[in-house]
Amino acid sequence: MEISPTSVLRLGPSFVRQLLSNVAGMRKVREHWAKHLNLSDDDALVRYLRPLRMAVNHKTLEQQRIDLNFAFHPCGLRTIDESQHINPYDDLIES
């Protein structure tokens, strides 16, 4: 796995080689993923995983709150108070 300068985690060739190996229980991981994804063989799993990218977020919860407040205020949305540990907008995401 490698993290690019744009903070994207890529499952590169070395990860795929390790996944396809029989080292350290990777066969079980591979079998579980293939079953969960309803894939028939290792080639299908590799085709599925190769383009997979995950964004890596290095911001703290405090930094995220500041960013949200910066976006909320001009839109007329209620900002999140510094003393709150719960985001009142979380329920919107879940619905």
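A few notes on this one:
- Remark: pairs (first residue in segment 16-27, of a type in the set (V, I, T); second residue surrounded by 10 or more Cβ atoms within 10 Å (Cβ to Cβ) and at pLDDT 75 or above; Cβ separation under 8 Å; 6+ apart in sequence or on different chains) = V16/V46; V16/L49; V16/R50.
- Restricting segment 1-40 to residues that are within 18 Å of R53 (Cβ to Cβ) and loosely packed, with under 10 Cβ neighbours inside 10 Å, the residue that is modelled with the highest pLDDT: T6
- The residue that is nearest to the chain's Cα centre (by Cα), counting only those in segment 70-80 that are part of a loop (DSSP other than H, G, I, E, B) and surrounded by 10 or more Cβ atoms within 10 Å (Cβ to Cβ), is I80.
- Among residues of segment 33-44 that are assigned by TED's automatic domain parsing to the domain that holds F15, those with a beta-carbon under 9 Å from a residue that is charged (D, E, K, R) at least six positions away or on a different chain give the pairs A34/D41; A34/D42; L39/R47; D42/R30.
The values are calculated or read from the model by the stated rules, or taken from the named source; none is laboratory data. Just so we're clear, the structure is a prediction, and the values are computed from it rather than from any experiment. Here the Cβ is made from the backbone with ideal geometry for all residues, glycine too, and neighbour counts use every protein chain on show.
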